[in-house]
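Here's the structure we're looking at; comments come further down.
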Amino acid sequence: MWSYVWLPLVALSLFKDSIIMAKAATILLPSQTGFDISRSPVCSAPDPNLNYRPVIGILSHPGDGASGRLSNATDASSIAASYVKLAESGGARVIPLIFNEPEEILFQKLELVNGVILTGGWAKEGLYFEIVKKIFNKVLERNDAGEHFPIYAICLGFELLTMIISQNRDIFEKMDARNSASSLQFVENVNIQGTIFQRFPPELLKKLGTDCLVMQNHRFGISPQSFEGNIALSNFFKIVTTCVDDNGKVYVSTVQSTKYPVTGFQWHPEKNAFEWGSSKIPHSEDAIQVTQHAANHLVSEARKSLNRPESKKVLSNLIYNYKPTYCGYAGIGYDEVYIFTQQRSLL
Ligand SMILES: *[C@@H]1O[C@H](CO)[C@@H](O)[C@H](O)[C@H]1NC(C)=O
């Protein structure tokens, strides 16, 4: 009979000891650590050389982004929400730069931002081309004047900058890389410092070369030979990666300016995490990390822009003043787009 009493008692006392030991090892009262509870925690001072409230401008592209399923208005332009989410996931807010709004308003809005995304699309002529050229020149001017001001030029954006810098609109050739995922081949001995890859974990960098972690969707490309053969282009950009199209042709896939924070992508860093319209878009954890690192790099560059415009003006132009439209139900194209008409421009 006594053993029934004794056993639980021993168990209880062992249990009590272990609680006291655990407490002593891990949880201490503030008074036991010498921490002065009346003082607020010490947060490191913000770096005065960084702008912690960066805003990214994204240039809208002609059309509704949904092949007329949402709007056939001739003055409609759009931004796929995936580009907005890319900037937001890096810790920035977005101001849409509506390509066909009055130019002085567009360029006032450019004064409100700390970096620009030139998106994918199809428009290579007319007003859109001219506006891209003017924005690009303005951005170079701002960098030359001492402001650090990045551009991400993605797919069409990369093609347009390449045409503008080379002063050759026919420098691209037909390539077959529609709707497919690919790896990225790093140029031999390329220095990735100052490129979007600089803070990729080594494991992920290795996988970029072997796994299909980036999304391609283009019918044109530029060979490394054509790229290096144009003096203006090879002076402006260094080639960081290449890819191979469906017919084995090699094309330039990532470039970084050596003088300016200007990055060109023939691939789509924004799609992995935010677009679902094609079954070819990679959504693995590694692929999502590629999107996240691309976002981090863009915004870390934008934080170096000390342009701090009047906050009211920023607020009244943010993308939050617009509503995206879901168009992914069709199972093709973008999942969400922001559609703009000139009449709705703010400021
Ligand atoms: C745009 O035009 C196409 C072709 O005429 C038509 O099928 C479509 O419904 C139109 N879209 C809208 C939103 O009205």
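The values are calculated or read from the model by the stated rules, or taken from the named source; none is laboratory data. None of these values were measured; they are calculated from a predicted model. Note that each Cβ is placed from the backbone with ideal geometry, even for glycine, and that neighbours are counted across all protein chains shown. With ligands, DNA and RNA removed, areas are computed over all heavy atoms of the protein, side chains included. Shrake-Rupley method; radii C 1.70, N 1.55, O 1.52, S 1.80 Å.
Hey, any hits in region 196-217 for a residue that's in contact with a strand residue (DSSP E or B) (Cβ under 6 Å, 6 or more places away or on another chain), touching a residue at least 60 places away in the same chain (Cβ under 8 Å), open to solvent by 10 Å² or more (accessible area, probe 1.4 Å) and not in a strand (DSSP E or B)? Scanning region 196-217, I find at least one residue that is in contact with a strand residue (DSSP E or B) (Cβ under 6 Å, 6 or more places away or on another chain), touching a residue at least 60 places away in the same chain (Cβ under 8 Å), open to solvent by 10 Å² or more (accessible area, probe 1.4 Å) and not in a strand (DSSP E or B), so the answer is yes.
Determine, yes or no, whether Val255 is closer than 17 Å to Glu159 by Cβ and open to solvent by less than 10 Å² (accessible area, probe 1.4 Å).
yes
Counting only residues that are open to solvent by less than 50 Å² (accessible area, probe 1.4 Å), part of a loop (DSSP other than H, G, I, E, B) and among the β-branched types (Val, Ile, Thr), region 330-343 holds 1 of them.
Would you please name the residue that is farthest from Pro309 (Cα to Cα), looking only at residues in region 137-154 that are open to solvent by less than 50 Å² (accessible area, probe 1.4 Å) and out of contact with any helix residue (DSSP H, G or I) (no Cβ under 6 Å at 6 or more places or on another chain)?
Pass one, region 137-154, residues open to solvent by less than 50 Å² (accessible area, probe 1.4 Å): 139-140, 142-143, 147, 149-154.
Retained after the next criterion (residues that are out of contact with any helix residue (DSSP H, G or I) (no Cβ under 6 Å at 6 or more places or on another chain)): 139-140, 142-143, 147, 154.
Values: Val139: 16, Leu140: 19, Arg142: 15, Asn143: 17, Glu147: 14, Ile154: 26 Å.
Ranking the qualifying residues of region 137-154, first place goes to Ile154.
Conditions tested, residue by residue: (1) under 20 Å from the mean Cα position of the chain (by Cα); (2) aromatic (Phe, Trp, Tyr); (3) more than 17 Å from Pro150 (Cα to Cα).
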site: Ser253; (1), (2), (3): yes, no, yes
site: Glu275; (1), (2), (3): yes, no, yes
site: Ser278; (1), (2), (3): yes, no, yes
site: Ile288; (1), (2), (3): yes, no, yes
site: Pro324; (1), (2), (3): yes, no, yes
site: Ala330; (1), (2), (3): no, no, yes
site: Asp335; (1), (2), (3): yes, no, yes
site: Tyr338; (1), (2), (3): yes, yes, yes
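The criterion of at least 2 residues that are under 20 Å from Ser183 (Cβ atoms) and touching a strand residue (DSSP E or B) at 6+ places or on another chain (Cβ under 7 Å) is met by the following helices (runs of 4 or more DSSP H) wholly inside region 228-329: 271-274. Just one of the listed residues (Ala232, Ala273) is buried (at least 18 other Cβ atoms within 10 Å of the Cβ) and among the small types (Gly, Ala, Ser), namely Ala273.
Within region 86-119, the residues that satisfy the criterion of being among the hydrophobic types (A, V, I, L, M, F, W, C), part of a strand (DSSP E or B) and touching a residue at least 60 places away in the same chain (Cβ under 8 Å) are Val94, Ile95, Val116, Ile117.
Among residues belonging to region 304-329 that are in contact with a Gly (Cβ under 8 Å, 6 or more places away or on another chain) and buried (at least 19 other Cβ atoms within 10 Å of the Cβ), point out the one that is farthest from Gly63 (Cα to Cα). If we take residues in region 304-329 being in contact with a Gly (Cβ under 8 Å, 6 or more places away or on another chain) and buried (at least 19 other Cβ atoms within 10 Å of the Cβ), then Ser305 is farthest from Gly63 (Cα to Cα).
Evaluate region 61-70: report whether one residue or more is away from the ligand (no atom under 16 Å from the Cβ) and in contact with a strand residue (DSSP E or B) (Cβ under 8 Å, 6 or more places away or on another chain). Among the residues of region 61-70, at least one is away from the ligand (no atom under 16 Å from the Cβ) and in contact with a strand residue (DSSP E or B) (Cβ under 8 Å, 6 or more places away or on another chain), which makes the answer yes. Looking at region 76-85, can you tell me whether even one residue there is open to solvent by 20 Å² or more (accessible area, probe 1.4 Å), more than 24 Å from Asn272 (Cβ to Cβ) and within 16 Å of the ligand (Cβ to nearest atom)? No. Residues in region 323-335: is at least one out of contact with any Ser or Thr (no Cβ under 7 Å at 6 or more places or on another chain), charged (D, E, K, R) and under 30 Å from Lys206 (Cβ atoms)? Among the residues of region 323-335, not one is out of contact with any Ser or Thr (no Cβ under 7 Å at 6 or more places or on another chain), charged (D, E, K, R) and under 30 Å from Lys206 (Cβ atoms), which makes the answer no.
The residue list Tyr152, Tyr83 contains one member that is aromatic (Phe, Trp, Tyr) and within 19 Å of Asn321 (Cβ to Cβ), which is Tyr83. The residues in region 279-313 that are in contact (Cβ under 8 Å) with a residue 40 or more places away in the chain and closer than 28 Å to Tyr52 by Cβ can be counted, and the count is 22. Looking at Gly157, Gly194, just one residue is under 18 Å from Phe265 (Cβ atoms) and touching a Ser or Thr at 6+ places or on another chain (Cβ under 7 Å), and that residue is Gly157.
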